[in-house]
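The values are calculated or read from the model by the stated rules, or taken from the named source; none is laboratory data. Remember, predicted model here, so these are calculated numbers, not experimental data. Glycine gets a Cβ as well: all are built from the backbone with ideal geometry, and neighbour counts include every protein chain shown. Side chains are part of the model used for accessible areas, which takes the heavy atoms of the whole protein and leaves out ligands, DNA and RNA. Shrake-Rupley method; radii C 1.70, N 1.55, O 1.52, S 1.80 Å.
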Amino acid sequence: MLVFILNAGSSSLKYQLMNPISKEVLATGLCERIGIDGILKHEFGDNKLTLEVSMPTHKEAIELVLKTLIESEGKVINSIDDIDAIGHRAVHGGEEFASSVMVTPKVIETMKKLIPLAPLHNPANIMGMEICQELMPGKPNVAVFDTAFHQTMPDYAYMYALPYEQYTKHGIRKYGFHGTSHYFVSNEARGMLDKKHNTRIIVCHLGNGSSVSAVLNGKCIDTSMGLTPVQGLMMGTRAGDVGAGAISYMMSQEKLTIDQALDIMNKKSGILGISGKSSDLREVLQGMQDGDDRCRLAVEMVAYNIKKYVGAYVAALDGVDALCFTGGIGENSSLIREIVCAGLDGMGLIIDPTKNNKRSGKARDIATNSSAARIFVIPTNEEYVIANDTYKIVSGLEK
Ligand code: ADP
């Protein structure tokens, strides 16, 4: 069984070819600058291949990826027939999709209706599905939604305290994102806990985009992102939680349109906006070490924001059994983990400095032996969730 996993963005697309049963990854890669010029970065085994080829649209990009998988020096399969199914990362499933689904004309139609909720992402996702149907006719396509895992949130957690009609008329509520990662990591954490019932797990997915979720008995009960990904934690370039009053005041002072204000909040804020240096935490940590005070501020704000959500979710879960760190920052930055966990002994979370500083690409426990709750570092694997959901749906194991 081989699943072609596709994550189509507005000017880029990521792909992987994976066997969901053995978890073997045959190839992985990225097409960038689609519509501009075009670069393909393809990895297979320990080898890498970079091609600069014109990609006017996503169609040429996907054609090139398939050709690379089949015919190039980076070839890993003999023909398209070796691909059994395609699993698509889809961003916004609204309230319509609480789990992964086989892509049908009706599913695409529903996703089109959801475009206003994700104007940048859903069109690219739909395009990826339609191109795969055209280039690989007859092969099953499955959509795996970023929002689906969060659909179990209770109404009092997902509602905004706006007039109720804003919800009924426009679907304005919290949806949450990074669901495949929150699902994967919380599920791994459940397996790592001795306790099997009433499991209370907090997942901090910390990458360029970041979010926290509270997971009770395997079901999400709250998450930090909202109607769109701009809410919640301070991120690489996103502002996270900022009062509406501050935004409207900034707009009036700077004479900004809604689109300009959103552009600032999504692309020029967060770690980049505070440090003035970079959206990449590594560079900002380096800046802090070199004595740059705005870099110090950005790092302290990142950690403080995460810590506040951890405290809130311990309350939401009536306690905690495991706090999990994942994503580029969560998996690699021992300093952020240390600051987040400092002083949480009263919540049963005691980090072991030696375990925290040890580097490893594997899931591990970094809490002291005496810590009442566990602190896990768990590498996320969203591609595996997409491949496995695709496998289960295509083979009829799950409807
Ligand atoms: P994406 O959300 O794009 O998938 P990643 O999960 O790869 O992003 O996370 C990228 C972030 O992880 C960047 O801010 C980067 O600086 C940070 N990061 C990666 N390695 C380290 C490290 N060793 N120490 C601190 N931060 C790191």
Exercise. Quick one: Ile264 ticks every box in (1) among the β-branched types (Val, Ile, Thr); (2) closer than 30 Å to Asp345 by Cβ; (3) in a helix (DSSP H, G or I) bar one, so which box is it?
Worked result: (2)
Problem set entry | Of all residues making up the stretch 246-263, the number that are open to solvent by 50 Å² or more (accessible area, probe 1.4 Å) and of a type in the set (Val, Ile, Thr) | 2
Problem set entry | Hits in the stretch 235-267 - residues which are under 22 Å from His205 (Cβ atoms), charged (D, E, K, R) and either touching a strand residue (DSSP E or B) at 6+ places or on another chain (Cβ under 9 Å) or more than 15 Å from the ligand (Cβ to nearest atom) (or both) | Arg238, Asp241
For this session: Answer yes if at least one residue in the stretch 325-340 is assigned to a loop (DSSP other than H, G, I, E, B), assigned by TED's automatic domain parsing to the domain that holds Val302 and away from the ligand (no atom under 16 Å from the Cβ), and no otherwise.
Result: no
Exercise. Could we say that Ala387 is closer than 28 Å to His88 by Cβ, open to solvent by less than 50 Å² (accessible area, probe 1.4 Å) and more than 16 Å from the ligand (Cβ to nearest atom) here?
Worked result: yes
For this session: With the condition kept exactly as written, say whether any residue in the stretch 294-310 is out of contact with any helix residue (DSSP H, G or I) (no Cβ under 8 Å at 6 or more places or on another chain) and hydrophobic (A, V, I, L, M, F, W, C).
Result: no
For this session: State all residues of the stretch 36-66 that are within 18 Å of Met129 (Cα to Cα) and surrounded by 14 or more Cβ atoms within 10 Å (Cβ to Cβ); if no residue qualifies, say none.
Result: Met55, His58, Lys59, Glu60, Ala61, Ile62, Glu63, Leu64, Val65, Leu66
For this session: Enumerate the pairs (first residue in the stretch 380-391 and within 14 Å of Leu2 (Cα to Cα); second residue anywhere and open to solvent by 10 Å² or more (accessible area, probe 1.4 Å) and of a type in the set (Asp, Glu)) with beta-carbon separation below 8 Å, excluding pairs fewer than 6 apart on the same chain, so at least 6 apart or on different chains.
Result: Asp389/Glu398
Problem set entry | Options Tyr167, Tyr158, Tyr175; residue that is touching a Lys or Arg at 6+ places or on another chain (Cβ under 6 Å) and within 30 Å of Ile375 (Cα to Cα) | Tyr158
For this session: Any chance you could count how many residues in the stretch 140-157 are free of Cβ contacts under 8 Å to residues at least 60 places away in the same chain and either closer than 13 Å to Ile5 by Cα or buried (at least 22 other Cβ atoms within 10 Å of the Cβ) (or both)?
Result: 6
Seminar exercise, completed: Note: among Gly361, Gly346, just one is over 24 Å from Ser275 (Cβ atoms), open to solvent by 50 Å² or more (accessible area, probe 1.4 Å) and in a helix (DSSP H, G or I), namely Gly346
For this session: Could you check how many residues of the stretch 250-260 are charged (D, E, K, R) and either part of a helix (DSSP H, G or I) or in contact (Cβ under 8 Å) with a residue 24 or more places away in the chain (or both)?
Result: 2
For this session: Report yes if some residue within the stretch 222-245 is outside the structural domain of Asn305 (by TED's automatic domain parsing), of a type in the set (Asp, Glu) and open to solvent by 20 Å² or more (accessible area, probe 1.4 Å); otherwise report no.
Result: no
Seminar exercise, completed: Log entry, pairs with first residue in the stretch 317-339 being closer than 20 Å to Gly209 by Cα, second being open to solvent by 50 Å² or more (accessible area, probe 1.4 Å), beta carbons closer than 6 Å, six or more apart or on different chains, reads Ser334/Asn357
For this session: For residues that are within 26 Å of His88 (Cα to Cα) and surrounded by 23 or more Cβ atoms within 10 Å (Cβ to Cβ), scanning just the stretch 364-381, find the one that is nearest to the ligand (Cβ to nearest atom).
Result: Thr380
For this session: Taking Glu71 as the residue in question, decide whether it is of a type in the set (Asp, Glu) and without any contact (Cβ under 8 Å) to a residue 12 or more places away in the chain.
Result: yes
For this session: Considering only residues that are basic (Lys, Arg) and in contact (Cβ under 8 Å) with a residue 12 or more places away in the chain, look in the stretch 187-221 and name the one that is surrounded by the fewest Cβ atoms within 10 Å (Cβ to Cβ).
Result: Lys195
Problem set entry | Criterion: closer than 21 Å to Glu32 by Cβ and of a type outside the set (Val, Ile, Thr) - qualifying residue of Met55, Met102 | Met55
Problem set entry | the stretch 268-302 - residue that is open to solvent by 70 Å² or more (accessible area, probe 1.4 Å) and within 22 Å of Gly209 (Cβ to Cβ) and, of those, nearest to the ligand (Cβ to nearest atom) | Arg282
For this session: Would you check if Leu162 is within 16 Å of Leu227 (Cβ to Cβ), hydrophobic (A, V, I, L, M, F, W, C), surrounded by fewer than 16 Cβ atoms within 10 Å (Cβ to Cβ) and over 21 Å from the mean Cα position of the chain (by Cα)?
Result: yes
